[in-house]
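One structure is given here, and the rest of the page talks about it.
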Amino acid sequence: MATRGIQQLQKLRIRYCEHGGSSSTIRQYLQQSPTSPTNHLFQFATSHPSIQIIIKPRNGHHPYIQGEYLTGSSKQICVKNCSEARIKEVMSMLVNTSGRKITRLGGLAVRGDCVSVQGVWTPMLNLGKEESFDVKIVE
């Protein structure tokens, strides 16, 4: 995601295990030939030249994809036993986010500082009936 025209994602780290079964899909994803038309990583790198892509094995651990942003924050998403479509989705999601925490704006109810123009309801304001009633003023 670009904020004021500046791409927020700086680095994309792909970490995987060379032997583990949970990393088998990401290993297949990374071992595709660069000249192959189905190589998404090569197409991703050429379409986003400002993003540094770092691929490192991390044996004995589950695979993950981590994005580091200009703000200094990072997001890490586990991709163990995920399909190639999910890996592509995670990479595009990391590119399209700003890296900031999601903050809640406002509360549940709408509250104002002004008192209602209509006033406060009282039982004497039952104007739907035609009956008259006695009003007694106590001093």
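The values are calculated or read from the model by the stated rules, or taken from the named source; none is laboratory data. Keep in mind the model is a prediction, meaning the values are calculated, not measured. Quick reminder, even Gly has a Cβ in these numbers, built from the backbone with ideal geometry, and neighbours come from all protein chains shown. Side chains are part of the model used for accessible areas, which takes the heavy atoms of the whole protein and leaves out ligands, DNA and RNA. Shrake-Rupley method; radii C 1.70, N 1.55, O 1.52, S 1.80 Å.
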(message) Please go through the stretch 1-13 and give me each residue that is open to solvent by 50 Å² or more (accessible area, probe 1.4 Å) and part of a loop (DSSP other than H, G, I, E, B), ordered by number.
(response) MET1, ARG4, GLY5
(message) Given the options VAL117, VAL138, name the one that is in a loop (DSSP other than H, G, I, E, B) and either modelled with pLDDT of 80 or more or touching a strand residue (DSSP E or B) at 6+ places or on another chain (Cβ under 8 Å) (or both).
(response) VAL138
(request) Would you be able to say whether some residue in the stretch 63-84 is among the charged types (D, E, K, R), on the phi < 0 side of the Ramachandran plot and out of contact with any strand residue (DSSP E or B) (no Cβ under 6 Å at 6 or more places or on another chain)? (result) yes
(request) Quickly run through the stretch 14-33 and pick out the residues that are open to solvent by 30 Å² or more (accessible area, probe 1.4 Å), within 20 Å of GLN76 (Cα to Cα) and outside any helix (DSSP H, G or I). (result) ARG15, TYR16, GLU18
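Against the definition (assigned to a helix (DSSP H, G or I), surrounded by 10 or more Cβ atoms within 10 Å (Cβ to Cβ) and at pLDDT 80 or above), how does SER92 come out, yes or no?
Criteria met by SER92.
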(message) Can you tell me which condition LYS56 does not meet? The list is (1) within 19 Å of VAL95 (Cα to Cα); (2) open to solvent by 30 Å² or more (accessible area, probe 1.4 Å), and all the others hold.
(response) (1)
(message) Among (1) modelled with pLDDT of 70 or more; (2) farther than 28 Å from ARG4 by Cα, there is one condition LYS129 misses while meeting the rest; what is its number?
(response) (1)
(request) Count, please, the residues in the stretch 41-80 that happen to be touching a residue at least 60 places away in the same chain (Cβ under 8 Å) and either more than 20 Å from the chain's Cα centre (by Cα) or in a loop (DSSP other than H, G, I, E, B) (or both). (result) 2
